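One structure is given here, and the rest of the page talks about it.
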Amino acid sequence: MTQSHRLPDGGRVDRSAPLRFTFDGVAYTGLRGDTLASALLANGVLHVAPSLYRRRPRGIATAGAEEPNALVQVDGPCSEPMLLATTIELYEGLSAAGLAGLGRLDPTPDQAVHDKMHIHTDVLVVGAGPAGLAAALAAGRCGARVVLVDDQPELGGSLLAGRESIDGRPALDWVAEARTELAAQVDTRILTRSTAIGYHDHNYLLVAERRTDHLGPQPVPGISRQRLWHIRARRVVLATGAHERPMVFAGNDLPGVMSAAAVRAYLNRYAVLPGRRPVVLTTNDHAYATALDLVAAGAQVAALVDTRPEPPADLVNSARGAGIEVHTGSAVVGTRGHDRVSAVRIAELDADDVISGPVREVACDLLAVSGGWSPAVHLWSQSQGTTRYDDDLAAFVPAQAAQNVVSVGAALGVLDLAGCLGGGFAAGVEAADLAGFPSTAPSVPPTSVDRPPARPRPVWLVPGETGDPSEWSDHFVDLQRDATVADVQRAIRAGMRSVEHIKRYTTIGTAHDQGKASGVSATGVIARLLGARSPGEVGTTTYRGPYVPVSFALLAGRERGALFDPVRTTAIHPWHVEHGAVFENVGQWKRPWYYPRPGESTAAAVERECRAAREGVAVMDASTLGKIDVIGPDAGEFLNRVYTNAFAKLAVNSARYGVMCRADGMVLDDGVTLRLAADHYIMTTTTGNAAGVLDWLEEWLQTEWPELRVRFTSVTEQWATVAVVGPRSREVIAALAPDLDVSNDAFPFMTARETRLASGVAARICRISFSGELAFEINVAGWYGLATWESVIRAGGPLGITPYGTETMHVLRAEKGYPIIGQDTDGTVTPQDLGMEWVVSQRKPFIGKRSFRRADTARGDRRQLVGVLPADPAVLLPEGAQLVADAEASVPTRALGHVTSSYRSAALGRTFALALVAGGRERLGETVYAPLPDGVIAATITDPVLYDPKGTRRDG
Amino acid sequence: MTADTQRRSPLGHLADVLAAHSTGGERGVRLREVPFLAQLDLQLHPHGPAAERIATALGSPLPTEPNTVTEPGSLQVVWLGPQEWLVLGPDGSGSATAELLRAALTDEPGSVVDVSANRTTLELSGPAARQVLEKGCSLDLHPRAFGPGRCAQTLLGKVQVILHQVDAEPTYRLLVRGSFAQYLTDWLLDAMEEYRHPRLTP
Amino acid sequence: MLLIACPWCGERDELEFHYGGQAHVAYPADPEGLSDAEWGEYLFVRDNPKGPFAERWSHAAGCRRWFNVVRHTVTHQILASQSNHPVAAGQPKPVIA
């Protein structure tokens, strides 16, 4: 198909670069520089897809991100839905299909790379139209660091769509010079194809850059497809321009009803004539340029309809001079046509916007509409800046800034070119000055548009020729939502008054375009129907980011797959991998869960590992426990205050298990702390809570007890820790540490010894047990961890030493009734609830102590840690299962508690569980029930210590 | 077997990979591990007699200007906080430096903790090094705000690092906990990938 | 993303900090001497003003220092940032702006 509507010359398109594309399966040709929308229009295609709810034909209505209709799905390795034909740059082979409001998610994993960049700048200028360019130029000349962001592939903004002149030459020559100058500034960065999507606290803006989309869907090696810029700016200059508003009249949704500014952009920027016999409808001066440009492009402008009774005489004269019939004080009150507008109906309106004369029908194939200009205050409003309604401009304009930001140009309601340039220069100089680069503003060159436009006459609601608003169901307010004046009237009759309520009732402004162009028009309709004097009395809805839709892939960046979240590994990790460990995530750590032999089930592997620890010797990588050096003369006193039990009098080279609570008495963390010297302890924390505990210690030291002389240093990775466990562990330690007397008398439980291993590596060996068995923990500098582990494996080889993972560790500790903080507790559990009264000192003060006298913590029916034995010893209770007293109780019923840990035990020859049960310790021997989808499991409550209750095994 | 032959740095097994991913040229960037640096965490009051004794012993006062590094002799003293420094030295120098610092501390409250194995050091250098960091670090690394002799404890990606700019090429050193080293390296290699390819021309 | 001025390290992204709730809520000197109601007040009751609010932050990913910030809870404007550290007085300003 030839490009039937392409103008013979002009435009910013490259006629030497034809591009083939398909739309809805039909092949077309466009030019480099086209958008998909302009290429379709060049081929005479106006209709994109029917509307979502009423299936009415809809066409391209705008030339930018405010487009309400032209949604498409673009094919590629991973097809992308809900893109706008007006913002897709054409590329060779593009294939797209129109969407009626709903896209299709492609289940293919998206392999495209998206990344992020964090930068700082003195001045961030959003928008590279005349005002933004002027601001960037002025600020950059001063020496300030400048970032200039624009969503188009080339700079110029509105100048790309017009035929203005600056300093006696085409305005785009001035743009080109500005670009050259900015590019030469060392500390100015220009980001094109980049949309500022969010304006957050403290001048933090997010900018979405499309880096390769214009080249097609295939990845470009090394180049991310899109990049999310995180920009922290001292000063922000918003030169975001303005959106031309649609007008609300009967049949305003027909294909061929288009923004007048968009028509001008298609003419001048894309060299496309969207219609050969257009009518122009306007409330303001701006559309006269569209009408004249249409005539210049060879169109026969059938009429220019201006709502104002007395538009500026020079504009009217120039239009009439070009052969255009001008209707003043009038509006289009209806359209004719099926798939495309074929005629409009024009009538005079009186001062109250009531039809006051005969209706005339004029044949046409395009209606170019300018309902007025709404400054694009989206980012301004996101920054929490306020807006006010300006009666002279008939628009909401920025009022009070909430951050270090200023609006310039059309974004401020300044619509003349000279005003935009002057405002931009001044804002750029001011921004640079605030950043410490004082200067004076350049003088403003003469331009072709140096007179502010005359006052517009908005007509928020063009009346229908018959009926009343409740019947005007073809007066569209939001095209994408198919919402009409009748819908608004229904909302008002239902009692809505607030624009926020009406928005939600009618869904106006909630589609992909968020009512960019139509939002203020909708406010105008609401004001009219409520009898308000102006939209200012109604106000706007809240503007929320992102300014344009962006993909989740962009927001995720590289934080997906292997880079999703930090993965922490121990020094011994390579051995675990090599030996087939199955890993478990514990916080960010990868810990061996169990080490299956070929063909071995999880249960069998865990049972084998447990048996080795109970009957022979087994080894575990315990390096992930948090470790904190606590040093200073007051270290003991400090520990006395943070632990519920006492540490100040702990003997050197001795260790003690401790529990720490929050001030409310709930258990926060636990672990073993070892005293290395009079003024030196090393504390261990749970794996997942190491950073939190260090924060906790610093908080109390710095904010409550600064007089205490104590210092904390995190040494978690300084030490690799190898736990050697089981009745034969002593033999392994004896072989590894020949200088050490490992007898029970010389090296008793809960003590530590410094020694040098046979390998020559310095080690600290502790007798600590988390299994009830004889056990040792070998601590060596992290970089010796792997070699030391390997030497333990070698030394234990003759004894059948068995590596074990976290699952076995859990079984072993649970058999002994040892709770895991964070698994068997949940922030509502006291040490007493865990049956650990013995760890709570009665003699010294500590954090949380007072809370144990609160009525709530003294309640008898608090949930307490107990053991639970299923009646059927082969049945495993699921962790998290709720427990009730009566198996037959009707739902809902009150739960007594829940299962916190549940395992199969080789040592017990059965399954068992730990649970938190209300008044549990008074219920020993009682039967409870776990109602589950597959049936009810009965179980008996027992003491939590199920294995070796007398503790006979810890010394071997 | 001596103890030293049993040492493994967290990234020792990746030396070839890092070299293979390093590139030269006007937008080149290089990554290598500098293993086994001696590292001592030093905490004390910055203006007491002990600080003066340490200044005498090191031949240079501890840096009290935030986010700066001093380089007395073969050591580097990295400011970590108002009362905390990281003293870096060549492999094997830790014990001697610790003795010296502890002797200077005497009985004044403070601490000297050997953390040499707690972190390893990555060196990122080349014209594109700053851009690589900017992909995951929110600090202002522009030469007007950050430069040789500056340091910061901050986040790179989601990983806490001690960042130290060594020279203006720029060369940075990143001290990272051993458990995070592999992940951070993967992250850096991914961020460096762009600079192995030609610049995108409009 | 708030930009918070650590009194020591300078301005950093909010991500580097941990929030510590209302400032100037001292741990009671004699908890055992308080009634349950008074202790409950200390544990659970905090101000929630619309406007300036003195609160604590910790530079968790940096120097680990706790400090006080006065933040406007509506605008998030940070009106003051102050160290409560004993050696804060007379310190040079951070280098990183």
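Just so it is clear, none of the values below were taken in a lab; they were calculated from the coordinates. Please read these numbers as outputs of a predicted model, since none were measured by experiment. Cβ coordinates were reconstructed from backbone atoms using ideal geometry, including for glycine residues, and neighbour counts include every protein chain displayed.
Taking the helices alone, chain A has a mean residue ellipticity at 222 nm of -6000 deg cm²/dmol, built from -39,500 (n - 2.57) per DSSP H run of at least 4 residues and averaged over all its residues. Counting Lys +1, Arg +1, Asp -1, Glu -1, what net charge surrounds A:Glu615 among other residues with beta carbon under 12 Å of its beta carbon? So the environment of A:Glu615 carries a net charge of +2. What are the lysines whose alpha-carbon lies under 21 Å from the alpha-carbon of A:Lys849, with same-chain residues fewer than 8 places away excluded? Of all the lysines, those that pass the test against A:Lys849 - Cα under 21 Å, at least 8 places apart if same chain - are A:Lys649. Summing +1 for each Lys or Arg and -1 for each Asp or Glu among the other residues whose beta-carbon sits under 13 angstrom from that of B:Cys151 gives -1. 3J(HN,Hα) couplings calculated from phi for segment A:114-131 with the Karplus curve 6.51 cos²θ - 1.76 cosθ + 1.60 (θ = phi - 60°) are, in sequence order, 10, 9, 10, 9, 10, 9, 10, 8, 6, 10, 10, 10, 9, x, 10, x, x, 5 Hz; Gly and Pro show x. Among beta bridges identified by DSSP and lying wholly in segment A:547-702, the antiparallel ones come to about 95 percent. Axis of helix A:602-615 versus longest Cα principal axis of chain A: the two differ by about 30°, to the nearest ten degrees. By the Kirkwood approach, averaging reciprocal distances over each pair of separate Cα atoms, chain A gets a hydrodynamic radius of 33.5 Å.
Checking the cross-link pairs A:Lys844/A:Lys950; A:Lys816/A:Lys950; A:Lys590/B:Lys158 against a 19 Å limit on the alpha carbon distance flags A:Lys844/A:Lys950 as lying beyond it. Helical content of chain C, expressed as a calculated mean residue ellipticity at 222 nm, amounts to -2500 deg cm²/dmol (DSSP H runs of 4 or more residues, -39,500 (n - 2.57) each, divided by residue number, nearest 500). For segment A:482-580, the set of chymotrypsin sites (Phe, Trp or Tyr not before Pro) satisfying both a DSSP loop assignment and a count of at most 14 other C-beta atoms within 10 Å is given as A:Phe564.
About its Cα centre, segment A:852-956 has a charge dipole of approximately 500 debye under the convention of +1 per Lys or Arg Cβ and -1 per Asp or Glu Cβ, with nothing else charged.
Expressed as a rounded percentage, what relative contact order does segment B:38-116 have, with Cα pairs under 8 Å and six or more residues apart? It rounds to 43 percent for segment B:38-116. Annotation for segment A:252-287 versus segment A:479-521: alpha-carbon center distance of 25 Å.
For segment A:808-887, run through the trypsin sites (Lys or Arg not before Pro) and keep only the ones in DSSP coil with at most 12 other Cβ atoms within 10 Å of their Cβ.
A:Arg843, A:Arg859
Please state the shape class of segment A:857-956: rounded when a/c is under 1.5, otherwise prolate if a/b exceeds b/c and oblate if not, all from the C-alpha gyration tensor. Oblate shape, in that a/c is at least 1.5 and b/c is the bigger or equal ratio.
Between the residues A:Thr942, A:Ser534, A:Gln185, the greatest Cα displacement towards the positive end of the dipole of chain A, with unit charges on the Cβ of Lys, Arg, Asp and Glu, is found for A:Thr942.
Take each residue of peptide A:626-636, count the partner chain Cβ atoms within 10 Å of its Cβ, and average: the result is 2. Considering only A:Val875, A:Val333, A:Leu304, and ranking their Cα positions along the charge dipole of the protein assembly as shown that arises from unit charges at the beta-carbon of Lys, Arg, Asp and Glu, the one farthest toward the positive end is A:Val875.
In order along segment A:863-876, phi translates into HN-Hα couplings of 6, 10, 6, 9, x, 9, 10, x, 4, 8, x, 9, 8, 9 Hz, rounded to whole numbers, per the Karplus curve 6.51 cos²θ - 1.76 cosθ + 1.60 with θ = phi - 60° and x for Gly and Pro. Per-residue Karplus couplings for segment A:458-463, computed as 6.51 cos²θ - 1.76 cosθ + 1.60 with θ equal to phi - 60°, are listed in order as x, 10, 5, 9, 7, x Hz, Gly and Pro entered as x.
Annotation: the antiparallel percentage among DSSP beta bridges lying fully within the protein assembly as shown is about 80. Look at the dipole of the protein assembly as shown built from charges on Cβ: of C:Tyr42, A:Ala49, A:His286, the Cα furthest out on the positive end belongs to A:Ala49.
Rounded to the nearest 20, the Cβ-based charge dipole of the protein assembly as shown about its Cα centre (Lys and Arg +1, Asp and Glu -1) stands at 580 debye. Computed over neighbours whose Cβ is under 15 Å from that of A:Gly557, the net charge equals -1, Lys and Arg +1, Asp and Glu -1. The GluC sites (Glu not before Pro) of segment A:679-770 meeting both criteria, a DSSP state outside H, G, I, E and B (loop) and at most 12 other C-beta atoms within 10 angstrom of the site's C-beta, are A:Glu707. Packing, taken as the mean count of other beta carbons within 10 Å per residue, orders the peptides B:4-11, B:150-157, C:2-9, A:738-745 from highest to lowest as B:150-157, C:2-9, B:4-11, A:738-745.
Across peptide C:5-12, the average count of Cβ atoms from other chains found within 10 Å of a residue's Cβ is 5. Basic side chains Lys and Arg get +1 at the Cβ, acidic Asp and Glu get -1 at the Cβ, and with that the dipole of segment A:74-201 about its Cα centre reaches some 240 debye. Classify segment B:38-116 from the C-alpha gyration tensor, please: rounded if a/c falls under 1.5, else prolate or oblate depending on whether a/b exceeds b/c. Note, shape of segment B:38-116 comes out rounded.
Under the classification rounded if a/c is under 1.5, otherwise prolate if a/b is larger than b/c and oblate if not, where does segment B:109-149 fall, given a ≥ b ≥ c as square roots of the Cα gyration tensor eigenvalues? In terms of gyration-tensor shape, prolate. Counts of other chain beta carbons within 10 angstrom of each beta carbon in peptide A:847-857 average 3.
Computed from Cα positions, the angle between helix A:171-184 and the longest principal axis of chain A comes to roughly 30 degrees.
Sorting the segments A:195-201, B:175-181 by their residues' average number of neighbouring beta-carbon atoms within 10 angstrom, most packed first, yields B:175-181, A:195-201. Roughly how far apart, in whole Å, are the Cα centres of segment A:795-872 and segment A:180-218? Centre-to-centre distance over Cα atoms comes out at 54 Å. Of the peptides C:34-40, B:54-60, the order by per-residue mean of other Cβ atoms within 10 Å, starting with the highest, comes out as B:54-60, C:34-40.
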